[in-house]
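Colleague: I'd like to ask you about the structure that follows.
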Amino acid sequence: MQRITRRQFLAISARLAAALTFIRWFRIQPARVVAASDLPHVCVAEGSDEDTPAQILETALKGLGGIERFVKPGQVVAIKPNATWAYPPRTASSTDPEFLTAVIQAVKDAGAGRIIVMDHCSIEPGADEALRISGIGRVVKDAGVEAIFPDRFNAPKSVYTKIDLPYGRANQKIGVIKAAAEADVRINLAVAKTHNVTKFTMCLKHMMGFLQQPGLLHANLEQGIADLSTPSAIQAQLHILEAIRVRIPYGNYRVCAGPETDITHPHVVTRRNTIVAGVDPVLIDAYGCMHFFNIQPQELTHLLRAYESGCGEIDVETALTDGRVRVFKVGASLPAESESVSTSEGETPESPAPQPTAVYAPGPEVSIPLAPSTGSEAECRPAETIIAPSPLLKTALIPVAAIISGLGLAILNRMRRKLPPAQAQDDEKTIAGSASQTE
């Protein structure tokens, strides 16, 4: 066996120490898997008074890649309209009946195996009157789909279930409509309008209608709203903001429902003929703030909290520039149908599921975009595929470091036995000094 000199041993040891230090401090950053298709996160469809809600909706959905991007044949789909208020259509108080009809038909056309329309009617005079006067009850009946509209007075406890909010900051467990948690797909249909508590309500706040007791969220309302769009059994796969008619503030008059229409009170209800749809509720609401209410997104506290929780992007101008938000006119050319998202190899993978509850059902293969990391441990990470080798490196380096250290000691002992005592002591001092410089 060829003998190793002290100089060679020190050179080898220095190289090994440098390599270990490099591996220890060089961290491979998490990487997102990019979708094969170049579809936007949010699509804005702008129509006119002559366009029907169905035509505006069709433009918005085609811009996103089609309803087939979200609903697969045989799936159970929960559709959540705004059905709380007992005011007639065209008041921007509840979901427009024609618009709801168009959504239900689109989901049917996608081959859904079961469709459930639901909302928690927690306001007087209760669910029956709200459904009758708003026209939503007739739509659901005529469509032949299931309906779950519990109100706070007569809903049995079996309608609800408790789920985990693993990324929640205000709440970690919460009661929700059981059928919503068990559905394969949840579609959130919000109405753009003013609100006497949160200033404005759009997609983020509208998720409160899935809850068993929405009023309990008011203890920490803004963060509680944000928590509902973090990964959980009720996270929506598709958000659609109805802005066919929009309730706007008029002086101190800022309410989320009333008898006014765009004909009788155009200063309270304005006709916009717009639908904003997408996978990013933060970006949708941010767009609504700027284009419907003339405010900055950061002025809406629950919207800011959702962005800080990592539930979506808030920079509308950048999103418009880079194509994450696209605006289409009804009747204009749209992306070819061939751009629709498929489930074939190479497309966006299914989201890694959060810690599931007993009733959790994984969502469809839809990529939900993320906001930049805020550094919080509770950051929401929906639908992101991450390669994170750091834990593997740490685990693997422990035995590697032990083997290298043991090998070094064995070589050192062999050398010491073959060297005169004085030189061995001198080598020990030299090696010790070199080791202290690498720490």
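Colleague: Can you say whether H265 is in a helix (DSSP H, G or I), closer than 22 Å to T84 by Cα and in the same structural domain as G331 (by TED's automatic domain parsing), as far as the supplied structure shows?
Modeller: The answer is no for H265.
Colleague: Within the range 277-294, identify whether any single residue is of a type in the set (V, I, T) and farther than 11 Å from H41 by Cα, and answer yes or no.
Modeller: Looking for residues that are of a type in the set (V, I, T) and farther than 11 Å from H41 by Cα, one finds none in the range 277-294, hence no.
Colleague: Can you say whether A236 is surrounded by fewer than 24 Cβ atoms within 10 Å (Cβ to Cβ) and within 21 Å of Q172 (Cα to Cα), as far as the supplied structure shows?
Modeller: no
Colleague: Return only the number of the condition from (1) closer than 26 Å to E313 by Cα; (2) modelled with pLDDT of 95 or more that T101 does not satisfy.
Modeller: Exception for T101: condition (1).
Colleague: Taking the range 78-135, which residues are outside any loop (DSSP other than H, G, I, E, B) and touching a Cys at 6+ places or on another chain (Cβ under 7 Å)?
Modeller: A127, A130
Colleague: Residue check: is G209 out of contact with any Lys or Arg (no Cβ under 8 Å at 6 or more places or on another chain) and not aliphatic (A, V, I, L, M)?
Modeller: Answer is no for this residue.
Colleague: From the list N273, N252, N294, pick out the single residue that is surrounded by fewer than 21 Cβ atoms within 10 Å (Cβ to Cβ), modelled with pLDDT under 95 and of a type outside the set (A, V, I, L, M).
Modeller: Answer to the selection: N252.
Colleague: Among the residues of the range 196-251, write down those that are aliphatic (A, V, I, L, M) and in a loop (DSSP other than H, G, I, E, B).
Modeller: V197, M202, L228, A233, I234, A236, I248
Conditions (1) farther than 16 Å from I79 by Cβ; (2) surrounded by fewer than 24 Cβ atoms within 10 Å (Cβ to Cβ); (3) in contact with an Asp or Glu (Cβ under 8 Å, 6 or more places away or on another chain), marked per residue:
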site: L165; (1), (2), (3): yes, no, yes
site: N171; (1), (2), (3): yes, yes, yes
site: Q212; (1), (2), (3): yes, yes, no
site: L216; (1), (2), (3): yes, yes, no
site: Q223; (1), (2), (3): yes, yes, no
site: D227; (1), (2), (3): yes, no, no
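Colleague: Here's something else I'd like to know. Would you mention how many residues in the range 136-167 are within 28 Å of E68 (Cβ to Cβ), of a type outside the set (A, V, I, L, M, F, W, C) and assigned to a loop (DSSP other than H, G, I, E, B)?
Modeller: Looking only at that region, the number is 1.
Colleague: Would you mind finding the one in E299, E317 that is out of contact with any strand residue (DSSP E or B) (no Cβ under 6 Å at 6 or more places or on another chain), among the charged types (D, E, K, R) and within 19 Å of K193 (Cβ to Cβ)?
Modeller: Details: E317 fails: within 19 Å of K193 (Cβ to Cβ).
Every option except E299 fails the conditions.
Colleague: Among the residues of the range 296-317, is there at least one that is assigned to a strand (DSSP E or B) and among the small types (G, A, S)?
Modeller: No: the range 296-317 contains no residue that is assigned to a strand (DSSP E or B) and among the small types (G, A, S).
The values are calculated or read from the model by the stated rules, or taken from the named source; none is laboratory data. Since we're looking at a predicted model, the values are computed, not measured. Positions of Cβ are generated from backbone atoms using ideal geometry, with glycine treated the same way; all protein chains shown enter the neighbour counts.
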